[in-house]
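Novice: Dumping the structure here so I can ask a few things about it.
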Amino acid sequence: MNTAENTGSTGINDVVSIERQGAIALIALNNPPVNAASHALRSGVWQAVAALQDEASIEAIAIYGVGRTFIAGADIREFGKPPVDPWLPELCNFLEDCPTLIVCVLHGTTFGGGLEVALACHARVALTGTRVGFPEVTLGVIPGAGGTQRMPRLAGIPASLDVITSGKPMSAAKALESCLIDRIVDGDPREIALQSARDVISGNLSTRRTAGLAVEPDPDAVQSMRAKLVKTQPLLFSPHKCVDAIEASNLPLSEGLKEERRLFNACMESPQRAGLIHAFFSERAVTKVPEATNTPRDIRKIGVIGGGTMGSGIATAALLAGFPVLLTERDQAGLDRGTATIAGNLEGAVKRAKITPEARDTILSSSLSTSTGLAALSDVDLVIEAVFEEMSVKREIFGTLDRVTKPGAILASNTSYLDINQIAAITSRPEDVIGLHFFSPAHIMRLMEVVVADKTGGDVVATGFALAKKLKKIAVRSGVCDGFIGNRIMTFYKKTADYMMMDGASPQEIDQAITGFGFAMGPYQVADLAGLDIGWAANKRRAASRPAEERYIPIADQICEKGWFGRKTGKGFYIYDDQGPRPNPEALTIIDEARSNAGIVARKFTKDEIVDRFVTAMILEATRVLEEGIALRPIDIDAVFLFGYGYPRFRGGPMHTADQIGAKELVRRIEDYAAEDAYYWQVPNLLRNMAETGETFAKLNESG
Ligand code: T1G
């Protein structure tokens, strides 16, 4: 072992070192960025403890993390690969059984395997501000290194059920209250480690070995959690396994640990684990764009044009992120509507405990300013236009912005499908023009498409991504096309739902099949919520250019002709009143008439066929978006649908699902469906190549 001269510490390996101070030994973990429990960290800790426990002079060991956090969990990048000794559960058992007392110092985000290491030690001291938790269930697994056995021994079964099945972090104060940790202190991890070890030796810090602690059985708590999960998480696999594992904590520790390992392995094999891990990495992968090397421009003040739903939502998001916002509208009435919507949004944030009432009042009194007309935007660093989706209106606005805003101000449009190149061409500075496509409600939905036009500057793109991070949104880079990534794909797959409705499936059957797949709502529930008039306007706009070969379904437009636009008018595909949403019989009559006018005899669709057609259509158009370079990688499309369209997280996104179905099967399905509609169902070249070569979208992500 090499010994560093000036600090008295001995490097066990690149991430673990030992420092001896008299009867105390400190083990420092330094595996940036989050001290993930990689193989190097596990084996380093094992070697360090194995050496120290044989040194008679050492009376106490303290383990602490260097950097922003103690161990934040097992190294997720090792998931799915054959585990390498020492496994984390074995390391935890080794720590628990160590004859020398070990105190663990927690800081930052001590999650998952990191908390399990802490629970296996004999005392736990957390720095102020530490968060602890077991997020494993959000990754499709369960705590697999003793967490389901040791937490009940320290904090009881009810608290363990809540923390482990929810995956939600808890504050250090809450952890102290539930006896999961022993002390909260301020200071530097190394200093606290030294002091805590001293206190262990002097008896000022009591120690407990969890193996010796009994668990208070609580069958009622277990049963009520099981009943709750059947209602709230019917499709997920691992939350129910969490309960099974916690229930096994009534067994002797060694037997409970075996049961936990059995359940953990069952979760690891589940496709839901692969999907949830993919979703976790998708959030981070999308930030890796070609323009990321550029320095973002400094955004201090934001202007928003338009106080409608989107403009007010965008303004709310920026205000909640701490930006001063200038909201502009054509007239005072528009401004009044906008500020009232913003006030309502902020009230909601207070109710959700996102901000305090005082913060809301400060935002409204000093961060938000308003003006009619665009001249007041002369000092903003970024303008986000969110007005009517009409190119002539955008042209007028961007022509004015070109004149009134300062050099270097970024001019963004929130348009959901108009051509950003055309908008940029109206200005003398196309390099400053970009699309920032928010999703309604803009202060809640996490997705933001950053639409890069031909001449958009690299630093402007980098600014879009930096802004998304400040707004706590997930930015996905998109090229320019009608509908960018999400709406373009949705417009395509919505047609296949309409075709099935025309051919025999009811809107409710389609919605039930799609919610059974895991979406929060089916396509007709979504359409009613968003407003059928949006699709009606789009159909009118596209009518002249609609290819003759394209099958047009008039049903939704006929419903709109009755003045039924969905939830906002009380009627659409469904009826919305105090009896709760239910199928609209008059819509069903319109469907029957449309079928008979087209000479169609309705046929049955099974749930599986509805899902297969729906998902295959989504993947088909997504593949085209990919091969046209509108999306950088398949994982970007997954992120769009996970964070903007309610795609079930445990399925990882449409492109991850595509890999699970396989390109060959997808091509077979499309060719099968093409027999009834060769225009709509065409196999994209990329998908055909993948079917021939065995290539997967996962592989394309690596080379993307
Ligand atoms: N393993 C590997 N890499 C990880 C990681 C992990 N556990 N956590 C984060 N990273 C990477 C991440 O991909 C990114 O990489 C960088 O670190 C910064 O992350 C046996 C089985 C800790 C709250 O689920 O919640 O323990 O993109 O951007 O916003 O029972 O990361 O820079 O290349 O998210 O400051 C349980 C998951 C695992 C924690 C920090 N633990 N991580 O957030 O940074 S399962 C978790 C997080 C387990 C045991 C079981 C967050 C964070 P890159 P970041 P952040």
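Novice: Only bridges with both residues in the chain count here: give the DSSP antiparallel percent, nearest 5.
Specialist: Working: 22 of 68 bridges.
So the antiparallel bridges amount to about 30 percent of the total.
Novice: Using only Cα atoms, locate the centre of region 516-539 and the centre of region 317-349, then give the distance between them in Å, rounded to an integer.
Specialist: Region 516-539 and region 317-349 have Cα centres spaced 27 Å from each other.
Novice: How large are Rg and Dmax for the chain when only the alpha carbon atoms are used, in Å?
Specialist: 28.7, 92
Novice: Another question about this same structure. Please state the relative contact order of the chain as a whole percent: Cα pairs under 8 Å, 6+ residues apart?
Specialist: Relative contact order comes out at 9 percent.
Novice: Where in region 285-304 does the amide nitrogen come within less than 14 Å of the point 7 Å from the Cα of Asp379, taken along Cα to Cβ?
Specialist: 300-303
Novice: Would you grab the residues whose amide H sits under 5 Å from the one on Lys571? Only those 5+ places off in sequence or on another chain, please, with H modelled 1.01 Å from N.
Specialist: So Lys571 has HN proximity to Phe565, Gly566, Tyr576.
Novice: Tell me, what HN-Hα J-couplings in whole Hz come from the Karplus equation 6.51 cos²θ - 1.76 cosθ + 1.60 at θ = phi - 60° for each residue of region 336-348, using x for Gly and Pro?
Specialist: 4, 4, x, 5, 5, 5, 4, 4, x, 4, 5, 4, x
Novice: For an R0 of 45 angstrom, estimate the FRET efficiency from the Cβ-Cβ distance between Asn539 and Glu78 and round to the nearest 0.05.
Specialist: 0.35
Novice: Place a point 7 Å from the Cα of Arg300 along the Cα-to-Cβ direction; which residues of region 312-334 have their backbone N under 13 Å from it?
Specialist: Only 324 pass the distance filter.
Novice: What nm value, rounded to one decimal, do you get for the distance between Ser392 and Lys568 when each label is placed 7 Å out toward the C-beta?
Specialist: Here the answer is 2.2 nm between the modelled labels.
Novice: What does the highest-first list of 509-522, 315-328 look like by mean Cβ count within 10 Å? Spell out each step's value before the answer.
Specialist: Working: 509-522: 19.5, 315-328: 22.8.
For the peptides 509-522, 315-328, the packing ranking is 315-328, 509-522.
Novice: Under the Karplus relation 6.51 cos²θ - 1.76 cosθ + 1.60, θ = phi - 60°, what is the ordered set of whole-Hz ³J(HN,Hα) values for region 490-497, x standing for Gly and Pro?
Specialist: 5, 4, 6, 6, 5, 4, 5, 5
Novice: Same structure, new question: Given Cys121, Tyr524, Cys179, which one lies farthest toward the positive end of the charge dipole of the chain, if we put +1 on the Cβ of every Lys and Arg and -1 on the Cβ of every Asp and Glu?
Specialist: Tyr524
Novice: Between Gln512 and Glu59, what is the spin-label point distance in nm, taking each point 7 Å from the Cα along the Cα→C-beta axis?
Specialist: Spacing of the two 7 Å Cα→Cβ label points: 7.1 nm.
Novice: Based on the mean of other Cβ atoms within 10 Å per residue, sort peptides 201-211, 37-47 so the most packed one is first.
Specialist: 37-47, 201-211
Novice: On to the next question. Please work out the C-alpha center-to-center distance from region 23-49 to region 678-701 and express it in whole Å.
Specialist: Value for the Cα centre distance between the two parts: 44 Å.
Novice: Quick check: convex hull over the Cα atoms of region 204-352, volume per residue in Å³, rounded to an integer?
Specialist: Enclosed volume per residue, from the Cα hull, is 280 Å³.
Novice: Now a separate question. Can you run phi through the Karplus equation (6.51, -1.76, 1.60; θ = phi - 60°) for region 461-467 and list ³J(HN,Hα) in whole Hz, with x for Gly and Pro?
Specialist: 5, 4, 5, x, 6, 5, 5
Novice: Compute the FRET efficiency between Ala50 and Ser440 as 1/(1 + (r/R0)^6), taking r as their Cβ-Cβ distance and R0 = 45 Å, and round to the nearest 0.05.
Specialist: On the way: r = 57 Å, r/R0 = 1.27.
Given R0 = 45 Å and the Cβ-Cβ separation, E is 0.20.
Novice: I've got another one for you. Within region 532-640, report the trypsin sites (Lys or Arg not before Pro) that DSSP leaves as loop and that have at most 10 other Cβ atoms within 10 Å.
Specialist: Taking region 532-640 and a limit of 10 other Cβ atoms within 10 Å, the loop trypsin sites (Lys or Arg not before Pro) found are Arg603, Lys604.
Novice: What is the magnitude of the charge dipole of region 6-268 about its Cα centre, with +1 placed on the Cβ of each Lys and Arg, -1 on the Cβ of each Asp and Glu, and no other charges, expressed in debye to the nearest 20?
Specialist: About 600 debye.
Novice: OK, next. Just to verify a number: FRET efficiency for Thr362 and Asn30, C-beta to C-beta distance, R0 = 51 Å, to 0.05?
Specialist: For Thr362 and Asn30, the calculated efficiency is 0.80.
Novice: Separate question: Quick one: length gained pulling Lys604 to Tyr679 fully straight, 0.36 nm per residue minus the C-alpha distance?
Specialist: Separation in residues times 0.36 nm, less the Cα-Cα distance, equals 24.7 nm.
Novice: Cα atoms only, region 292-478: Rg and Dmax in Å?
Specialist: 15.2, 45
Novice: With +1 on the Cβ of every Lys and Arg and -1 on the Cβ of every Asp and Glu, and nothing else charged, how large is the dipole of the chain about its Cα centre, in debye rounded to the nearest 20?
Specialist: The dipole of the chain has a size of about 680 debye.
Novice: Roughly what % of DSSP beta bridges within region 6-268 run antiparallel, to the nearest 5? Numbers along the way, then the final one.
Specialist: Numbers: 11 of 32 bridges.
Roughly 35 percent of the beta bridges in region 6-268 run antiparallel, per DSSP.
Novice: May I ask which of Lys394/Lys699; Lys394/Lys455; Lys473/Lys699; Lys258/Lys699; Lys81/Lys258; Lys494/Lys664 have a Cα-Cα span longer than 29 Å here?
Specialist: Violating the 29 Å limit, Cα to Cα: Lys394/Lys699; Lys258/Lys699.
Novice: Let me ask you something else. Under 13 Å between alpha carbons, and skipping anything fewer than 8 positions from Lys607 in its own chain: which aspartates and glutamates qualify?
Specialist: In chain and number order, the partners are Glu509, Asp511.
Novice: With the crude spin-label approximation of a point 7 Å out along Cα→Cβ, what separation in nm comes out for Ala40 versus Arg68?
Specialist: Simple spin-label model gives 1.9 nm for this pair.
Novice: From the P(r) of region 6-268, could you give the percentage of C-alpha pairs in the tail past 36 Å?
Specialist: Of all Cα-Cα distances in region 6-268, 9 percent exceed 36 Å.
Novice: So, one more: Local charge sum around Glu621 (other residues, Cβ-Cβ under 10 Å, Lys/Arg +1, Asp/Glu -1)?
Specialist: Surrounding charge for Glu621 is +3.
Novice: Still on this model: Using just the helices of the chain, give the 222 nm mean residue ellipticity in deg cm²/dmol: DSSP H runs with n ≥ 4 each add -39,500 (n - 2.57), and the total is spread over all residues, rounded to 500.
Specialist: So the helix-based figure for the chain works out to -14500 deg cm²/dmol.
Any read-out appearing in this document is the output of simple, stated calculations on the displayed coordinates, not a laboratory observation. Just so it is clear, the model here is predicted, and its values are computed rather than measured. For neighbour counting, all protein chains shown are included, and Cβ atoms are generated from backbone atoms with ideal geometry for every residue, glycine included.
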